[in-house]
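Student: Below: one structure in structure tokens.
The values are calculated or read from the model by the stated rules, or taken from the named source; none is laboratory data. As the structure is a prediction and not an experimental result, all values here were calculated from the model. Note: ideal-geometry Cβ built from the backbone for every residue, glycine included; neighbour counts use all protein chains shown.
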Ligand code: HEC
């Protein structure tokens, strides 16, 4: 009886382990935006009701620092660590620099991307806000590459 009991225990352990992994995976898969502390950055007139068309923080060292951490918490799991995509989502180092890149960045950041009822990227505009969005964009511009 020793072997079957051992097996049963192993099986139980395996079931518990896979249930734990499944729970973790689904928690990981859910999008739980992480709040970003942007209090150190200058306010943007209009707040989240009036989004400006180009990045007011471009080149701002504090914004870049906040943006790096905000990216790591909210975007890296799809777009890759340090903005280097592992292939799940586009590589954001290739976003155009300057105002034209800002426009496309803002579109996706605010509204995300869905096709045929399937969410490819969740919207972040309302949850993280304009200041966090531009901070992330400021950091991304420091990672830009054309190669
Ligand atoms: C759940 C995965 C996921 C998360 C989290 C996510 N994205 Fe995305 N993102 C995608 C996918 C997938 C696309 C491509 C969508 C498409 O082409 O329809 C995309 C597209 C984009 C684009 C357009 C890129 C291009 O080349 O067209 C930008 C900009 C962007 N994301 C920024 C962000 C930022 C900033 C964050 C964090 C605040 C973020 N994303 C979080 C999955 C994600």
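Student: For residue 91, which of the numbered conditions (1) in contact (Cβ under 8 Å) with a residue 24 or more places away in the chain; (2) within 9 Å of the ligand (Cβ to nearest atom) fails to hold?
Tutor: Residue 91 satisfies every listed condition except (1).
Student: Right, another one. (1) surrounded by fewer than 16 Cβ atoms within 10 Å (Cβ to Cβ); (2) assigned to a loop (DSSP other than H, G, I, E, B): which one isn't true of residue 123, the others all being true?
Tutor: (1)
Student: Six or more apart or on different chains, Cβ under 6 Å: which pairs go from a residue in segment 101-129 that's assigned by TED's automatic domain parsing to the domain that holds residue 55 to one that's within 6 Å of the ligand (Cβ to nearest atom) and in a helix (DSSP H, G or I)? Could you list them?
Tutor: What qualifies is 124/109.
Student: Hey, does segment 67-83 have a residue that's without any contact (Cβ under 8 Å) to a residue 12 or more places away in the chain, within 12 Å of the ligand (Cβ to nearest atom) and assigned to a helix (DSSP H, G or I)?
Tutor: Within segment 67-83 (the criterion being without any contact (Cβ under 8 Å) to a residue 12 or more places away in the chain, within 12 Å of the ligand (Cβ to nearest atom) and assigned to a helix (DSSP H, G or I)), the answer is yes, since at least one residue qualifies.
Student: Continuing with this model, one more query. Of the conditions (1) within 19 Å of the chain's Cα centre (by Cα); (2) surrounded by fewer than 19 Cβ atoms within 10 Å (Cβ to Cβ), residue 38 clears all except one; give me its number.
Tutor: (2)
Student: Out of everything in segment 97-120 that is part of a loop (DSSP other than H, G, I, E, B) and more than 9 Å from the ligand (Cβ to nearest atom), what residue ends up being surrounded by the most Cβ atoms within 10 Å (Cβ to Cβ)? Write out each step before concluding.
Tutor: Here is the first cut: in segment 97-120, the residues part of a loop (DSSP other than H, G, I, E, B) are 97, 112, 116-117.
Now restrict to residues that are more than 9 Å from the ligand (Cβ to nearest atom): 97, 116-117.
Working: 97: 12, 116: 4, 117: 5.
It comes out as 97.
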